[in-house]
Amino acid sequence: MSEPRLSCCITFDFDAMSSWIGSMKTNNPSMISRGQFGAVAVPRLLKMLAARGIRAGFAIPGHTAYAYPRLVEAIAAGGHEIVHHGWVHENPAAFDEAGERRVLEQGLSALERVVGVRPRGYRSPAWDLSTRSVDLLIEYGFEYDSSCMGHDFHPYYLRTGDSWSLDGPYRFGATTGLVEMPVTWMLDDFPPAEFVLGMNTGLQAPSQMEECWRADFDYAHRDCAGGVFILTMHPQTIGRGRYFLMLERLLDTFAARDGVVFETMGDYVARWKTANPREAWCAAHADLTGAHAITP
Ligand SMILES: [Zn+2]
């Protein structure tokens, strides 16, 4: 097969109740019920993806896997990739090292128990990382992360040991073998769509999201040959009528473009790593690795 012009990774963070409990710290049953709608939305998303032959990625907290094991089994049975997404949507930086290990392990054991999957990829809840996270992900055998924003439509290798201060230069650490599949809030449904009182206006017209996402897709398709276009969505958000119809339209538009394939992040990473061994990638991207940084 010749190299696709652009790969689309359609990803869903199946947070269910966990994001309201772990990130928003709410005890309000109404707010938590917004997450329960994720369980309504997952079957309709699976049906829509199956009709189009699209294999997607689902980032699933351990908390969600225990709450909805049948849905998580259906996701796996549909050929979709399952990605680690924490335990109860907590910020890894809120813990000491032992605590960060514990939530990583709780997430791993839930996915193992419910669907027998050891995920190759990790996406941190709310895209928060601690300064230890990269080392821990490598130690736990992950092949890639999908929480950082250092590129738009090409993966890169993450560094460990970067340091910074207010009165010194930025110091670049060593480039690791952990691949980053980059994300951006600009290609996430939560900020434009989800209303959270006092925090997020949301409720944008689907036409607005459609215009923005399509424009980024057009740019990636024209100027980033061999790259990857990653959408991050939430079943509880994108699964509601107006946004669901928008997603269907968008996927059909993408599929009609030259050289576009839909694949999972794991499949893309396997191909990308073979084509871009770390040493060769570092040599070709010296600015990104900090090789030319000056120490004052
Ligand atoms: Zn999430």
Those residues of the stretch 165-188 which are among the hydrophobic types (A, V, I, L, M, F, W, C), surrounded by 15 or more Cβ atoms within 10 Å (Cβ to Cβ) and in a strand (DSSP E or B), in sequence order: L178, V179
Take the conditions under 15 Å from the mean Cα position of the chain (by Cα) and modelled with pLDDT of 95 or more and apply them to F153. Does it pass? yes
For the stretch 115-134, state whether one or more residues are in a helix (DSSP H, G or I), aliphatic (A, V, I, L, M) and away from the ligand (no atom under 16 Å from the Cβ). yes
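Condition (residue is more than 16 Å from the ligand (Cβ to nearest atom), of a type in the set (D, E, K, R), closer than 22 Å to S109 by Cα and surrounded by fewer than 18 Cβ atoms within 10 Å (Cβ to Cβ)) applied to the stretch 42-53: is it met by at least one residue? Before you say what the answer is, go through the steps one by one.
From the stretch 42-53, those more than 16 Å from the ligand (Cβ to nearest atom) are 43-44, 46-53; that's our starting set.
If we keep only those that are of a type in the set (D, E, K, R) as well, we get 44, 47, 52.
Then keep just the ones that are closer than 22 Å to S109 by Cα; that gives none.
No.
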Given the conditions (1) over 15 Å from E210 (Cβ atoms); (2) touching a residue at least 40 places away in the same chain (Cβ under 8 Å), every one holds for M233 apart from (1)
When residues of the stretch 114-150 are filtered for being of a type outside the set (A, V, I, L, M, F, W, C), more than 22 Å from A98 (Cα to Cα) and either in contact with a Cys (Cβ under 8 Å, 6 or more places away or on another chain) or free of Cβ contacts under 8 Å to residues at least 60 places away in the same chain (or both), how many remain? 1
Restricting the stretch 88-99 to residues that are within 12 Å of the ligand (Cβ to nearest atom) and not acidic (D, E), the one surrounded by the most Cβ atoms within 10 Å (Cβ to Cβ) turns out to be H89
If you check T64, T11, which single one turns out to be of a type in the set (S, T, Y), within 16 Å of the ligand (Cβ to nearest atom) and part of a strand (DSSP E or B)? T11
Please state which of the following conditions I82 fails to meet, knowing it meets all the rest: (1) within 12 Å of the ligand (Cβ to nearest atom); (2) surrounded by 24 or more Cβ atoms within 10 Å (Cβ to Cβ). (1)
Hits in the stretch 140-158 (condition: within 21 Å of G86 (Cα to Cα), surrounded by fewer than 20 Cβ atoms within 10 Å (Cβ to Cβ) and touching a helix residue (DSSP H, G or I) at 6+ places or on another chain (Cβ under 9 Å)): Y140, E143, C148, M149
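The values are calculated or read from the model by the stated rules, or taken from the named source; none is laboratory data. Please read these numbers as outputs of a predicted model, since none were measured by experiment. Quick reminder, even Gly has a Cβ in these numbers, built from the backbone with ideal geometry, and neighbours come from all protein chains shown.
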